[in-house]
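Here the structure comes first, spelled out in structure tokens, and everything after it is commentary.
The values are calculated or read from the model by the stated rules, or taken from the named source; none is laboratory data. Computed from a predicted model, the values in this text were never measured in an experiment. So basically every Cβ, Gly included, is an ideal-geometry build from the backbone, and we count neighbours across all protein chains shown.
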Amino acid sequence: MNSPSMSFKQRVSHALADGQLRIALDRTTERFTSKRVAGLASLPDADAVRDCARSIRLHTLSRLDEYLEQFEANVTSVGGQVHWASDAQEANEIVLDLARSRSVKRVVKSKSMVSEEIELNQALISGGLDVVESDLGEYIIQLAGETPSHIIAPAVHKTREQIGQLLADKLGVPMTDDPVEMTATARSALRDVFLQSEMGISGVNFGVASTGSLAIVTNEGNASLTVTAPRIHVAMMGIERVVPALDDLAVMLLVLARSATGQKLTVYTDLLTGPRRGDPDGPEELHVVLLDNGRSRLIGTEVGEVLACIRCGACLNACPVYQQIGGHAYGSVYSGPIGAVLTPSLDREGPWHVLPEASSLCGACREVCPVRIDIPRMLLALRAETVHTGKGNRWVRVGFWLYRIAATKPWLFRCGVSVVRQLTRMFFVNGWLLRLPAPLSIWTQSREFPVIASRTFSEEMRDREEGSGDE
Amino acid sequence: MSETIFSAQLFATCLVDAIRPAAGLATLRLLERLGVKVIVPSGQTCCGQPAFNSGCLADARAMARYTVDLLEKSPAPIVVPSGSCGDMIVHRYRELLADELAYASKVERVAARTYELSQYLSDVLKVQDVGARCRRTIAYHPSCHLLRGLGVRSAPPQLLDSIADARCVSLPGAEDCCGFGGTFAVKMGELSSAMLDRKLDAIVESGADTVVACDAGCLMHIEGGLKRRGSNVSVRHLAEGLVESE
């Protein structure tokens with residue numbers, strides 16, 4: 001487990017040295033990645049569907065205010081209530097007030113990244129409530145006292161052997177690494193929680209503006225119970241998660257599960273429109289908490305498109321950096337490429353400017369994103385902002401300034417190359433440098449570094465020209 | 001193709017210039033052999049990509065303007081033996097100099113006639129077989145910016161396939177990044193090394209005796225890692241592979 005007091009690089013070292021984590025990540029990210037390819041191949045024209053999904057998301061964001069008002073009006077017209085929260089504290093207070101005013105003691109939750117973002121569990125537990133996560137992965141990390149390390153697979157950092165041991169330790173059941181047995185254990189523990197909780201809290205995959213419906217997808221059916229068994233349902237939703245109409249929802253669902261797990265659809269897709277009205281099913285009260293928390297500020301900026309994200313997690317699975325270190329090393333709720341954009345964008349005062357550096361800009365994230373968010377472009381924009389606001393490494397800035405001076409004066413560039421050549425040629429072995437001084441020493445810890453050629457290409461060209469002049 | 005009907009400017013890139021001149025010379029020789037009249041604009045330095053990727057936009061802009069001015073003098077197509085520098089000129093210059101009216105049309109003209117080497121061979125010269133010959137077992141590593149930036153997937157392996165006597169083998173996880181990423185390799189050195197390790201394992205697993213890529217940065221990274229491991233797998237730029245005729 002990583003401690004928040006460690007620096008990003010320390011967390012990376014820690015993660016790279018964690019053999020169990022490597023096993024867990026290797027088992028899962030590869031499987032997700034190959035299943036995604038197969039899942040998208042089951043669409044007649046996946047690229048066209050992705051284009052369509054992208055245009056729906058961008059269109060919605062371009063008129064977000066209108067669609068949110070329409071959404072609120074329609075949630076209200078079917079008997080629900082919308083609460084606007086500008087930040088984490090407001091959102092937590094809204095939920096806590098709802099719980100207190102309705103004498104709620106026990107809360108069951110289905111998966112919600114927004115609730116992780118605002119640390120809702122801590123707020124509710126501090127307020128004296130019992131809170132139990134019902135998504136299997138979330139249940140596991142709640143037992144372990146950890147945070148999710150992946151947007152859709154929160155316990156992906158654990159091997160099944162580690163999970164078996166955790167269940168044995170915490171629940172006193174016999175140790176097993178059989179996923180079926182472990183699921184049965186969690187299921188029987190959770191059944192009573194669903195029935196006894198007065199409040200169910202869920203996330204929202206999409207809110208449909210034209211109907212006021214909430215779409216929630218799961219593979220375990222836990223959201224279906226969370227939103228129906230307890231008396232009161234509170235749905236936590238980021239303001240960007242709205243789609244105009246049910247037709248648009250259908251398009252988003254075509255790409256969401258395929259990109260996430262390779263499934264055509266998740267096992268359960270709940271579409272909840274208002275509280276119970278005469279019929280025997282559903283919650284008596286339905287509340288939707290719409291969270292801004294820095295989102296609206298991003299609209300129209302260079303990272304604005306990050307709001308189009310549908311939280312499928314495909315970019316995490318495809319990312320060679322995430323594959324190496326998992327989610328916890330990022331130190332933020334949202335990890336992977338999307339987290340490296342989202343986290344510093346939403347929390348501008350936080351210590352996050354290192355996250356956009358955690359990318360080789362390979363572009364694998366952009367390639368798999370179902371709505372084609374240009375994540376590398378945004379990482380570049382955030383890096384530029386770091387330099388612009390003076391938060392970056394001063395030596396890098398000075399270094400590039402000097403490099404630029406040389407690179408715009410060819411004679412100086414040639415001199416520079418010569419000087420570096422003299423330096424590198426003092427220490428080379430068979431054309432390679434075995435050790436470089438700090439801060440470049442990190443290169444030669446695992447790699448050798450080439451020396452400058454005895455004749456550079458431009459020197460060869462000059463010789464050639466002079467040679468041809470002599471003829 | 002004895003008559004010269006094509007002409008091109010060769011933009012060698014800073015890494016090829018200083019660290020892998022053989023790739024520049026091979027590019028030159030290859031193009032000339034194919035009947036292209038090659039101009040090597042003197043005074044060329046760096047496209048500015050390292051500064052751009054590090055967020056030092058003012059520096060990157062200065063280098064971009066310098067390079068655009070240099071390459072704009074001749075109307076000949078520009079050939080770059082590097083996927084990432086090619087991507088920088090073709091895609092990134094437009095955004096970088098978007099607000100500079102004096103450069104808008106110059107950048108468009110330069111970007112529109114810039115090709116990465118394999119792109120130029122296959123799309124402009126329409127060459128599939130350059131008549132190379134060598135006894136090598138070759139694994140091709142598609143560098144990220146060539147693959148995902150310029151969208152060049154099939155040209156390099158097709159050209160390598162045409163080499164007589166060579167055998168091309170597939171590289172497991174071929175499209176995974178080698179971990180170079182410019183300054184990333186130093187700023188995030190440990191991560192970069194872990195990514196490189198995976199790539200080197202794949203190279204060994206492929207059974208190749210030669211790794212080929214189209215980017216001097218990735219080649220330098222992979223070769224440095226292979227050297228450290230004491231491996232005798234050779235590392236070649238595409239152009240170097242295509243001029244061999246043993």
Notebook entry, point to check: Any chance the stretch A:2-9 includes a residue that's touching a residue at least 24 places away in the same chain (Cβ under 8 Å), away from chain B (no Cβ under 14 Å), surrounded by 12 or more Cβ atoms within 10 Å (Cβ to Cβ) and in a loop (DSSP other than H, G, I, E, B)?
Noted result: yes
Margin query: Name the single residue that is farthest from A:K111 (Cα to Cα) among those in the stretch A:130-146 being touching a residue at least 40 places away in the same chain (Cβ under 8 Å) and part of a loop (DSSP other than H, G, I, E, B).
Written below: A:E146
Notebook entry, point to check: What residue, among those in the stretch A:219-241 that are out of contact with any Ser or Thr (no Cβ under 6 Å at 6 or more places or on another chain) and in a strand (DSSP E or B), is surrounded by the fewest Cβ atoms within 10 Å (Cβ to Cβ)?
Noted result: A:I232
Checklist line | Criterion violated by A:V387 - all others in (1) in contact (Cβ under 8 Å) with a residue 12 or more places away in the chain; (2) facing chain B (nearest Cβ under 9 Å) satisfied | finding: (1)
Next item on the list: Looking only at the stretch A:415-431, decide whether some residue is of a type in the set (F, W, Y) and not in a helix (DSSP H, G or I).
Entry: yes
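Residues in the stretch B:111-141 that are in contact (Cβ under 8 Å) with a residue 40 or more places away in the chain and surrounded by 22 or more Cβ atoms within 10 Å (Cβ to Cβ): how many?
We begin by selecting, within the stretch B:111-141, every residue in contact (Cβ under 8 Å) with a residue 40 or more places away in the chain; these are B:114, B:116-118, B:120-121, B:124-125, B:127, B:130-141.
If we keep only those that are surrounded by 22 or more Cβ atoms within 10 Å (Cβ to Cβ) as well, we get B:114, B:116-118, B:120-121, B:138-141.
Going through the stretch B:111-141 one residue at a time, the tally reaches 10.
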Next item on the list: Tell me, yes or no, whether the stretch A:391-414 has at least one residue that is closer than 25 Å to B:F52 by Cβ, touching a Leu at 6+ places or on another chain (Cβ under 7 Å), at the interface with another protein chain (Cβ under 8 Å from one of its Cβ atoms) and of a type outside the set (K, R).
Entry: yes
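Yes/no matrix, rows are residues, columns are (1) at positive phi; (2) assigned to a loop (DSSP other than H, G, I, E, B); (3) touching a Leu at 6+ places or on another chain (Cβ under 8 Å):
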residue	(1), (2), (3)
B:C178	no, yes, yes
B:V186	no, no, yes
B:S193	no, no, no
B:K199	no, no, no
B:I203	no, no, yes
B:V212	no, no, yes
B:E240	no, no, no
Margin query: in contact (Cβ under 8 Å) with a residue 24 or more places away in the chain, farther than 26 Å from A:L40 by Cα and of a type outside the set (G, A, S): is that true of A:H353 in this structure?
Written below: yes
Check: If you check B:S162 against the conditions, is it crowded, with 20+ Cβ neighbours inside 10 Å, away from chain A (no Cβ under 12 Å) and hydroxyl-bearing (S, T, Y)?
Finding: no
Margin query: Among the residues of the stretch A:435-471, what is the count of those that are surrounded by 14 or more Cβ atoms within 10 Å (Cβ to Cβ) and more than 7 Å from chain B (Cβ to nearest Cβ)?
Written below: 5
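If a residue has to be not aromatic (F, W, Y) and not in a helix (DSSP H, G or I) to count, how many in the stretch A:66-97 make the cut?
So in the stretch A:66-97, the residues not aromatic (F, W, Y) come out as A:66, A:68-70, A:72-83, A:85-97.
Subsequent filtering for residues that are not in a helix (DSSP H, G or I) retains A:78-83, A:85-87.
Residues that pass the stated criteria total 9.
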Check: For the stretch A:147-172, how many residues are in a loop (DSSP other than H, G, I, E, B) and either within 28 Å of the chain's Cα centre (by Cα) or at pLDDT 95 or above (or both)?
Finding: 13
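Please work out if B:S84 is over 19 Å from the mean Cα position of the chain (by Cα), assigned by TED's automatic domain parsing to the domain that holds B:R20 and within 27 Å of B:D176 (Cα to Cα). Even if it seems obvious, please write down each step before you answer.
Values: over 19 Å from the mean Cα position of the chain (by Cα): no; assigned by TED's automatic domain parsing to the domain that holds B:R20: yes; within 27 Å of B:D176 (Cα to Cα): yes.
No; evaluated as a whole, the condition is false for this residue.
Restrict the check to the stretch B:100-110 and report whether at least one residue is closer than 14 Å to B:N53 by Cα, crowded, with 17+ Cβ neighbours inside 10 Å and among the charged types (D, E, K, R). Don't jump to the end; show me each part of the working.
If we filter the stretch B:100-110 for residues that are closer than 14 Å to B:N53 by Cα, which is where we start, we get none.
The answer is no; no qualifying residue exists.
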Item checked: Matching residues in the stretch A:426-455 - criterion: being closer than 18 Å to B:L191 by Cα and without any contact (Cβ under 8 Å) to a residue 12 or more places away in the chain -> A:A438, A:L440, A:S441, A:I442, A:W443, A:T444, A:Q445, A:S446, A:R447
Note to self: surrounded by fewer than 23 Cβ atoms within 10 Å (Cβ to Cβ), away from chain A (no Cβ under 12 Å) and not aliphatic (A, V, I, L, M): which single residue out of B:P172, B:P157 fits that description?
What the structure shows: B:P157
Check: touching a residue at least 60 places away in the same chain (Cβ under 8 Å), over 19 Å from the mean Cα position of the chain (by Cα) and assigned by TED's automatic domain parsing to the domain that holds A:V267: does that describe A:K105?
Finding: yes
Notebook entry, point to check: With respect to B:L146, is the statement that it is within 14 Å of another protein chain (Cβ to nearest Cβ), within 24 Å of B:E32 (Cα to Cα) and in a helix (DSSP H, G or I) true?
Noted result: yes
Next item on the list: Give the stretch B:211-232 a look and list any residue that's more than 7 Å from chain A (Cβ to nearest Cβ), crowded, with 20+ Cβ neighbours inside 10 Å and more than 21 Å from A:P356 (Cβ to Cβ), or say none.
Entry: B:V211, B:V212, B:A213, B:C214, B:D215, B:A216, B:C218, B:L219, B:I222, B:E223, B:L226
Check: If you take the residues in the stretch B:75-99 that are in contact with a Gly (Cβ under 7 Å, 6 or more places away or on another chain) and farther than 21 Å from B:G55 by Cα, which one is surrounded by the most Cβ atoms within 10 Å (Cβ to Cβ)?
Finding: B:P81
Notebook entry, point to check: Going by the structure shown, is A:V49 on the phi < 0 side of the Ramachandran plot, over 24 Å from the mean Cα position of the chain (by Cα) and assigned by TED's automatic domain parsing to the domain that holds A:L272?
Noted result: no
Notebook entry, point to check: When you go through (1) part of a loop (DSSP other than H, G, I, E, B); (2) in contact with a Phe, Trp or Tyr (Cβ under 7 Å, 6 or more places away or on another chain) one by one for B:P172, which number turns out not to apply?
Noted result: (2)
Notebook entry, point to check: In the stretch A:345-370, which residues are over 24 Å from B:A58 (Cβ atoms), surrounded by fewer than 22 Cβ atoms within 10 Å (Cβ to Cβ) and away from chain B (no Cβ under 11 Å)?
Noted result: A:D347, A:E349, A:G350, A:P351
Next item on the list: Starting from the stretch A:224-243, take each residue that is basic (K, R) and list its partners that are in a strand (DSSP E or B), counting only C-beta distances under 6 angstrom and pairs at least six apart or across chains.
Entry: A:R241/A:F206; A:R241/A:G207
